[in-house]
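First comes the structure, then the notes that go with it.
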Amino acid sequence: MLYGILKPVVKAFLWRLFRIQVEGVERIPSQGPAILAANHVSWVDAILVAALADRPVYFVAKQELFRIPVLGFILRRVYLLEARRDGRDQAVLRRALQALREGNLVGLFPEGHRSRTGRLQEARGGAALLALHAAAPVVPVGVSGADQVYEKGWFWHRRPVRVLVGHPVDLGGRRIGRVGREEIAEASGRIMGAISSLLEAM
């Protein structure tokens with residue numbers, strides 16, 4: 001309920017704060033499981049990606065955010081999954097996998113953390129592993145311009161932000177049991193390649 005109340009308010013605020021241009025949003029499945037995999041350059045990214053879909057998006061967020069008074073209370077009620085800072089959290093992967101198997105959207109940043117240079121970093125493998133185990137399509141999302149929030153005076157100028165949604169990356173059928181490193185690396189490469197192509201097209 002809280003998600004449904006906050007989403008239109010936050011979306012309206014973002015669209016007022018930035019000059020946002022979105023393309024390809026129709027490529028996000030209206031039903032069934034899917035992973036929205038985006039590059040990560042600022043704290044705005046997750047909100048932007050979640051605002052694109054017409055249904056809730058489960059996002060993984062760092063553990064520290066849930067410890068902040070009031071904010072933590074809100075985060076636990078808006079489809080966020082709590083993860084350890086070091087990224088070695090099998091529990092959050094299981095929760096994300098369960099969300100996918102229940103037919104939901106899960107938003108992930110394959111890089112694992114924000115790029116401070118704005119350049120695409122190497123994937124950590126979590127998005128690929130989830131996609132392989134859940135047999136869920138991966139929808140690549142490229143975000144450009146959101147890193148301007150770290151520039152002085154950004155709040156007073158409507159900076160342009162562009163979001164491009166690509167065609168789903170199909171990694172094949174569901175994998176049972178352990179997935180090898182080579183298969184994860186190959187799948188991660190395909191996902192990051194799709195995101196890279198979107199960024200290059202901007």
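The values are calculated or read from the model by the stated rules, or taken from the named source; none is laboratory data. Keep in mind that what you see is a predicted model, and the values were worked out from it rather than measured. Note that we place each Cβ from the backbone using ideal geometry, even for glycine, and neighbour counts take in every protein chain shown.
Can you find a residue that is assigned to a helix (DSSP H, G or I), aliphatic (A, V, I, L, M) and either under 18 Å from the mean Cα position of the chain (by Cα) or at pLDDT below 65 (or both) anywhere in the stretch 58-69? Within the stretch 58-69, one or more residues are assigned to a helix (DSSP H, G or I), aliphatic (A, V, I, L, M) and either under 18 Å from the mean Cα position of the chain (by Cα) or at pLDDT below 65 (or both).
Yes/no matrix, rows are residues, columns are (1) of a type in the set (G, A, S); (2) in contact with a His (Cβ under 8 Å, 6 or more places away or on another chain); (3) at pLDDT below 85:
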site: E111; (1), (2), (3): no, yes, no
site: A128; (1), (2), (3): yes, no, no
site: V141; (1), (2), (3): no, no, no
site: S144; (1), (2), (3): yes, no, no
site: V149; (1), (2), (3): no, no, yes
site: K152; (1), (2), (3): no, no, yes
site: F155; (1), (2), (3): no, no, yes
site: V163; (1), (2), (3): no, no, no
site: V169; (1), (2), (3): no, no, no
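Restricting attention to the stretch 18-65, the residues that are among the polar types (S, T, N, Q), within 23 Å of A128 (Cβ to Cβ) and surrounded by 15 or more Cβ atoms within 10 Å (Cβ to Cβ) add up to 1. Before we move on, is A136 at pLDDT below 85 and in contact with a helix residue (DSSP H, G or I) (Cβ under 6 Å, 6 or more places away or on another chain)? Criteria not met by A136.
Taking the conditions exactly as written (at pLDDT 85 or above and of a type outside the set (K, R)), does G103 satisfy them or not? Considered against the rule, which asks whether it is at pLDDT 85 or above and of a type outside the set (K, R), G103 comes out as yes. One residue stands out among those in the stretch 1-43 that are in a helix (DSSP H, G or I) and among the small types (G, A, S): the one that is nearest to S196 (Cα to Cα), which is A12.
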